[in-house]
Amino acid sequence: MKWIWQQPDWPDFRYDNRALNDRELEFRLNSERLAGSFDALPMASKQDATIDLMLSEAIKTSAIEGENLDRESVRSSLLSLITSDTLRDNSDVKAAGAAALLVDVRKNWRSSLTHDLLGKWQSMAVPEQRYTPILRGAYRNDPSPMQIVSGPYGREKVHYEAPPAIRVPDEMARFLGWYNKTSPSRDHNTKSGIARAGIAHLWFEIIHPFDDGNGRVGRAIADHALSQFLGYPTTACLATAIEADKKTYYLQLEKASRTSLDVNTWLDYFADRVIMAQEIAREEVHFVLSKTRFYEVYGNQLNDRQARMVSRVFAEGRKGFEGGITTRKYEAITKCPNRTASRDLSDLVAKGIIIPLPGGGRTTRYELSIDEPVGFGFGER
C-alpha cells in the first residue's frame, strides 16, 4: 500500500487534540482582537481592510498554483462584488473568478458543504477557457490516474496519486457527511476548530475530486471551517501564510498522503500556518488604519501629483514599494519633468510627509512618514 487512501482504516484520521490546545486558544483570542480592530475602523476603512485582506488571499491562493493575477483587476472585481454584488462584463475572467470565490466563501460560511456548492467554487477557481478540456462544476470522470508529477519527460517523479475517478462520488459523499456532521452548530462534543479545518483540507486534497482547482477549493474549505468555528467569517490570511513557504506546504501534503492516518505532524504544521495567517491579517488592518490616519493628517497638503504618488504607494499594500522612492520613479508615475519631481519631493520632505531612507548612496530614497511601521515605503526602481 502506497497511499493513505489505500490503508484498511481509511479515513479514520487520528490525532492528539491536546497538542493543539495552546494554539486553539491563541487563535480564538487573536480572532477576537482582530474583530475589535475592525470595529474600531471608520466604515469606509472597514471596506478597505476587507478588500485588502481578500485581495491578498485571492492573489496568493492562485500564486500557490503558479498562476499570477493582476492586482488591480482582482481589486476591481472585489470592489464590484462587495459593493454591488455584480461584475463588469469586461472583467479579467481569472481575476474575477478568484475574487468571486473569496466573496462566496465568506457569504456562505454558515452553509453546509454540498456537491453543488463545491462545484460552484471550482467553476469560480477555474474560469471557462477555449480549447481546454477541463471539466468544470463536476467531479472528474477520466479513468486515467490523477497524479501530481514533476520532472522532465521520461524521468518524472510521482508525488501523489489520488483515488480513481470511479471512487470519487462515494469518497466525497463520505467527506461531506463527516464535515457537516462535525459542524460546531451540530456537534455538541468538544472538537478543535483547527483540527477540523486541517483535516478537512487534507482529506479533500487526498480525494482530489476535480480536474483542476483542487488546491484553491481545498483552502477555501479550510477558511469555511475556521469561520464556522469562530461563528463569523475569519479574517486570517491562510493562503498568504501558506504561499510564504509553499515548498513546505507541498512537502507536508505529500508526507501526509503517504503515511499512516496519524495526522499530528500535518496538524502541527497547519496550526502554525493559521497563527501566522492571523499575524498577517493584523498587519493588514494596521496598514489600513495607518493609511486612514495619514490622509487625516496630510491629505489636504498634497497637490495632484503628490496625491497620485501616495495613492500608488498605498495601492501596493502593506509591503509597498521595495527599497524607497526615487526622483526617477516619481517622474514615471506622475508623468512630470525632473525639475518638477525634485521640487515636489523637497516640498514633501519640508512638510514631514516623507523622510529620507538611510544608505541611499548617490540616489536619495524616501518613505512615507507614518505612525505604524508596517513597511510601506516607496520602492527602488
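Across the stretch 107-163, Cα pairs under 8 Å and at least six residues apart give a relative contact order of 23 percent.
Based on Cα contacts under 8 Å between residues 6+ apart, the stretch 63-115 shows a relative contact order of 34 percent. Net length available on complete extension from residue 22 to residue 132 is 35.0 nm, with 0.36 nm assigned per residue and the Cα-Cα distance removed. Run through the stretch 111-183 and list the trypsin sites (Lys or Arg not before Pro) located in a DSSP loop whose Cβ has at most 14 other Cβ atoms within 10 Å. Taking the stretch 111-183 and a limit of 14 other Cβ atoms within 10 Å, the loop trypsin sites (Lys or Arg not before Pro) found are 130, 155.
Excluding same-chain neighbours fewer than eight residues apart, the lysines reachable from residue 255 by a Cα-Cα span under 25 Å are 2, 60, 157, 191, 246, 247.
Across 333, 51, 134, mean-square fluctuation computed from a Gaussian network of the chain (C-alpha pairs under 10 Å connected) peaks at 333. Across the alpha-carbon set of the stretch 302-368, the Rg to Rh ratio works out to 0.92, Rh being the Kirkwood radius.
Restricting the stretch 36-108 to trypsin sites (Lys or Arg not before Pro) that sit in a DSSP loop and have at most 16 other Cβ atoms within 10 Å of their own Cβ leaves 88.
In the stretch 4-286, Cα pairs under 8 Å separated by at least six residues give a relative contact order of 27 percent.
Throughout, read-outs are computed from the coordinates displayed, never taken from laboratory work. Note that the structure is a prediction, hence the values are computed from the model and not measured. FYI the Cβ positions are ideal-geometry reconstructions off the backbone, even for glycines, and counts take in every protein chain you see.
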